[in-house]
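Heads up, the thing below is written out as structure tokens.
The values are calculated or read from the model by the stated rules, or taken from the named source; none is laboratory data. Small disclaimer: the values here were computed from a predicted structure and weren't measured. Positions of Cβ are generated from backbone atoms using ideal geometry, with glycine treated the same way; all protein chains shown enter the neighbour counts. Ligands, DNA and RNA are stripped out before the accessible areas are found, and what is left, the full protein with its side chains, is counted by its heavy atoms. Shrake-Rupley method; radii C 1.70, N 1.55, O 1.52, S 1.80 Å.
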Amino acid sequence: MLVFAALVSATFAVLSRDAMRDQAWFAARLFGAFVGAAYVLGWLLYPLPL
Amino acid sequence: MPPPAARTTPPAQALIICAAAWAVPGAGHLWLGRVQKGVSLLVLLTLMFALGLWIEGRLFPFEFADPLVGLAALADLGVGLPYFLAKALGAGVGRAVAVTYEYGNTFVIVAGLLNMLAVLDAYDISQGRK
């Protein structure tokens, strides 16, 4: 999941920003958002019975 | 480094650029002088597609009796020549019992979809919108 998040974040950053510095910052923020959302959702779903 | 000045490409050439961008990830951006973006897309999308196949992802068949399988096949095709190369090499058979099967499918499908997005981005650049 981390590899997937990193690759998708980097691709979105390349497509949506022009300067490399902006791309790196955007990719880092997006990666953090992906991982953070997965972590929060994981804990929210934790009490639910499978 | 700032991107090259915006310019408008004739429709026929824009279509050729889109076809190139589809066939080889990043080729459209390279054609339009966005070298850093083109090389990044080539590396990222090819790596994503290859990783997906390596972890037992499947190249879905065009069977629209099951719409999700048909749509997944269309998404797989979005990555362009690497799709045909993988087919020719016999990759992408997919092993449904593998732990990483669904992860592999996700990598392969998303690589194709992201390349479609890259094609649209190349078209926008060719029309001077970006």
For this session: Might you check whether a residue that is farther than 30 Å from A:R17 by Cβ, modelled with pLDDT under 95 and either open to solvent by 10 Å² or more (accessible area, probe 1.4 Å) or not in a helix (DSSP H, G or I) (or both) occurs anywhere in region B:73-85?
Result: no
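Can you name the residue in region B:86-108 that is touching a residue at least 40 places away in the same chain (Cβ under 8 Å) and either within 14 Å of another protein chain (Cβ to nearest Cβ) or open to solvent by 40 Å² or more (accessible area, probe 1.4 Å) (or both) and, of all such residues, is nearest to B:A21 (Cα to Cα)? Even if it seems obvious, please write down each step before you answer.
In the first step, residues of region B:86-108 are kept if they are touching a residue at least 40 places away in the same chain (Cβ under 8 Å); the result is B:98, B:100-101, B:103-108.
Going one step further and asking which of them are either within 14 Å of another protein chain (Cβ to nearest Cβ) or open to solvent by 40 Å² or more (accessible area, probe 1.4 Å) (or both), we end up with B:100, B:103-108.
Details: B:T100: 29, B:Y103: 26, B:G104: 23, B:N105: 22, B:T106: 21, B:F107: 19, B:V108: 17 Å.
Among those that are touching a residue at least 40 places away in the same chain (Cβ under 8 Å) and either within 14 Å of another protein chain (Cβ to nearest Cβ) or open to solvent by 40 Å² or more (accessible area, probe 1.4 Å) (or both), it is B:V108.
Do we find that B:L51 is part of a helix (DSSP H, G or I), hydrophobic (A, V, I, L, M, F, W, C), at the interface with another protein chain (Cβ under 10 Å from one of its Cβ atoms) and open to solvent by 30 Å² or more (accessible area, probe 1.4 Å) in this structure?
Considered against the rule, which asks whether it is part of a helix (DSSP H, G or I), hydrophobic (A, V, I, L, M, F, W, C), at the interface with another protein chain (Cβ under 10 Å from one of its Cβ atoms) and open to solvent by 30 Å² or more (accessible area, probe 1.4 Å), B:L51 comes out as yes.
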For this session: Considering only region B:1-36, state which residues are at pLDDT below 90 and either over 26 Å from B:L74 (Cβ atoms) or part of a loop (DSSP other than H, G, I, E, B) (or both).
Result: B:M1, B:P2, B:P3, B:P4, B:A5, B:A6, B:R7, B:T8, B:T9, B:P10
Exercise. Out of all the residues in region A:4-13, which are more than 7 Å from every other protein chain (Cβ to nearest Cβ) and open to solvent by 10 Å² or more (accessible area, probe 1.4 Å)?
Worked result: A:A6, A:F12
Exercise. With (1) among the polar types (S, T, N, Q); (2) open to solvent by 30 Å² or more (accessible area, probe 1.4 Å); (3) more than 11 Å from every other protein chain (Cβ to nearest Cβ) as the list, and B:T9 as the residue in question, which single condition is left unmet?
Worked result: (2)
Exercise. Is there a residue in region A:14-25 that is within 9 Å of chain B (Cβ to nearest Cβ), open to solvent by 70 Å² or more (accessible area, probe 1.4 Å) and part of a helix (DSSP H, G or I)?
Worked result: yes
